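Structure first, commentary second.
The values are calculated or read from the model by the stated rules, or taken from the named source; none is laboratory data. It should be emphasised that the depicted structure is a prediction, and the values quoted were computed from it without experimental measurement. Cβ: placed from backbone, ideal geometry, glycine included. Neighbour counts: every protein chain shown. The protein model used for the area step is the full one, side chains on, heavy atoms only, and it has no ligands, DNA or RNA in it. Shrake-Rupley method; radii C 1.70, N 1.55, O 1.52, S 1.80 Å.
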Amino acid sequence: MSNTPHEPTNSPSDAAPEVRPLNFIEQIVEQDNAGGKWGVWADGPAKGLAKVQTRFPPEPNGYLHLGHAKSICLNYGLAQKYGGKFNLRFDDTNPAKEEQEYVDAIKDDVRWLTSAFGGSFDSGPNAGGLYFASDYFGKMYEYAVALIKTGHAYVCELSAEEVAKRRGNPSVPATSPFRDRPASESLKLFDEMRRGVHADGSMTLRAKIDLASPNFNLRDPVLYRILHEHHHNTGDAWCIYAMYDWAHGIEDSLENVTHSICTLEFENHKPLYDWFMRAINDAVEVEGKRGASKLGAGSTSIGGSGPVGTEGRVVWHSQQIEFAKFKPTYTLLSKRNLLKMVQEKFVSGWDDPRMPTLRGVRRRGYPASALRAVCEDVGVTKVESVIDVTRIENAVRDVLNRTAPRAMSVLRPVKVVIENWPAGHVEMLDFVIMPEDSNAAEGGNAKPAQTRKIPFSGTLFIEQEDFMEVAPKKYFRLAIGQEVRLRWAYFIKAISVVKDASGNITQINATYDPATKGGDAPAGPNGEPARKVKGTLHWVSAEHAVDAEVRLFDRLFKTEEPGKATGEWKDDLNPNSLEVVRAKIDPHLTSAKVGDTFQFERLGYFRVDEDSKPGAMVFNRTVTLKDDWAKQVGKS
RNA sequence: UGGGGAUUGGUGUAACGGUAGCACGACUGACUCUGACUCAGUUAGUCAAGGUUCAAAUCCUUGAUCCCCAGCCA
């Protein structure tokens, strides 16, 4: 390709690749990087590069779902884009709800999803590592003591009910009779709380902020509650546990997180997040002056010659940024309700292929890269938007179309007998596994189509809906007297049907044209154009086909926003979200392994399910192919 | 009734005082040995009303609608 110098330089071939505009978080990151706000990486391959440290902080009290996928992709994507690090951090501060089972599942899910970025939290250039809030319990306790000493916190002996009663309202301030007790007294009680002297619920450590604040989060929030619970990580070492607001900023600080990204409902918590970090900085400075350097910045300082934290202080103070959740239509995405669906057996488990959990969609056959693509596609904003689920399905189709080998299987079989086929004869025909990639073809990189052999005989199965005795207008499929192509095989024409007592078609009798072998009619002897046919059907040879179970999924809910109308999502459950059929599949598929995904031509994408056993395969329909004909039929 | 957010075609998202653009969908058509894929075209929008300005999606005022907040959950 030669470029003529006279031509404008914006021809498609040399135009700059179309770049997506930066989302608002990327804009913040780039401004921070340009201003040197967070300093640079001190060592490692990114040495000298502006520091970008993100994290995904799940609570291990449930399974990850599509909503979490957006957060993971955002945080991992940022780390990757700016040469930074991504941490997986378990926010395990409430042992009453958390379990090891969830920790293991979440690690596995994050690994799976981030494989779409070519890495994970513990592998690849952006691996920041695995962390637990519970590893920081000691530091959190030290900081809490420092806050008490500096008059920023006190032990409150009000019961939960009393606190609620005294919470006040927008115009009436809250109250606590313990607010002004001396620090020495709080210190003593807090120590007792820690040592297990006091019962659950008998007292809390509260921050001394503003009982009259219109933001209720600032009305002296609880830092610690007493919980005599066994913790999956720390066992029985603690019986007081930090609350989210107290714990989270410290976790971010200890990991030198630069951008602490969370969802919109935490916007009201940001003043508290920042208040705590300033209070800790105050306390640490005071301690430093006293010469008691136990609280010294240590690992939490940025160090080196770079700037020091957002507030110009000693202890790292991350920046909280909020974005809108991922909310697909026809889907429920709250851990509480998903748990209920599992417990009340509306689904078979957390990994039911109809579930919007990462495990569910993975089992169904959604590729991680498709999820990444959707997240990229919908963008990141503070607008609470609703995403059409079909966008996810389209992203899945887009990936699978490029990656899934083709096969032919018949979901709802009806027998076809080729009357003029030589009795007992079996012919092996070429079947194209992967069509040429038309995208690649444009770039001149078309990979030649690969083929394998499939058996053809005089008795076949085709799809019931591919035959009608009388073809309506625009029906291109098989009908009496109407000729169609059997994919990669022959043209056939239906002659007659056999019906059972109740009028159901049990057999179609047809004839084939031997001259159309491979699926094309020859040109006429005098160069006349070859005979064309409008329809092409998928098929399997009856004596070779293998029986298999195929699970067809529909959406779990009938309405775009489950529960919107009545307040109860159970009212909107789709009773027909699962259909199981006995299909006739290509014998070649019996060698497929769990997780393998195929396109069953003209039907959709299908993944071999974990329930498969030798000789009894089970396929999940991941998603159908788009179907213009069904759309037309639906309209009329 | 207090505080915090948000509002651009059907949906998602750009435009940061200077031509309202992109993607998805939908619709037409082309192509096709998958009614798929691909390709071409069409469609349709600044929450409302005032104001500032040569010029407003963008700035100001007033209002509307939606979301979040009074857990010892995260």
Please state which one of A:THR590, A:THR624 is of a type in the set (Ser, Thr, Tyr), closer than 30 Å to A:ILE418 by Cβ, near RNA strand B (Cβ under 10 Å from one of its atoms) and in the same structural domain as A:ARG397 (by TED's automatic domain parsing).
A:THR624
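To keep it simple, each residue is scored yes or no on (1) in contact with a Phe, Trp or Tyr (Cβ under 7 Å, 6 or more places away or on another chain); (2) among the β-branched types (Val, Ile, Thr); (3) not assigned by TED's automatic domain parsing to the domain that holds A:ASP466.
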position	(1), (2), (3)
A:VAL414	yes, yes, no
A:TRP421	yes, no, no
A:PHE431	yes, no, no
A:PRO435	no, no, no
In segment A:198-217, what count of residues is obtained for those that are among the hydrophobic types (A, V, I, L, M, F, W, C), within 10 Å of RNA strand B (Cβ to nearest atom) and surrounded by 20 or more Cβ atoms within 10 Å (Cβ to Cβ)?
2
Residue by residue through segment A:533-554, note down the ones that are open to solvent by 60 Å² or more (accessible area, probe 1.4 Å), outside any strand (DSSP E or B) and more than 16 Å from RNA strand B (Cβ to nearest atom).
A:GLU543, A:ASP554
Options A:LYS345, A:LYS415, A:LYS340; residue that is more than 9 Å from RNA strand B (Cβ to nearest atom) and assigned to a helix (DSSP H, G or I):
A:LYS340
Every residue in segment A:83-112 that is away from RNA strand B (no atom under 13 Å from the Cβ), crowded, with 23+ Cβ neighbours inside 10 Å and in a loop (DSSP other than H, G, I, E, B), please.
A:GLY84
Taking into account only those residues within segment A:585-629 that are outside any loop (DSSP other than H, G, I, E, B) and of a type in the set (A, V, I, L, M), which is farthest from A:LYS453 (Cα to Cα)?
A:VAL623
Kindly establish whether A:LEU400 is within 30 Å of A:THR506 (Cα to Cα), within 11 Å of RNA strand B (Cβ to nearest atom) and crowded, with 18+ Cβ neighbours inside 10 Å.
no
Within segment A:509-532, the residues that are outside any loop (DSSP other than H, G, I, E, B) and either over 21 Å from A:GLU463 (Cβ atoms) or within 16 Å of RNA strand B (Cβ to nearest atom) (or both) are A:TYR512, A:ASP513, A:PRO514, A:ALA515, A:THR516, A:LYS517, A:GLY518, A:GLY519
Subset of segment A:146-162, residues open to solvent by 30 Å² or more (accessible area, probe 1.4 Å), of a type outside the set (Lys, Arg) and in contact (Cβ under 8 Å) with a residue 12 or more places away in the chain, comes to A:THR150, A:GLY151, A:HIS152, A:GLU157, A:SER159, A:ALA160
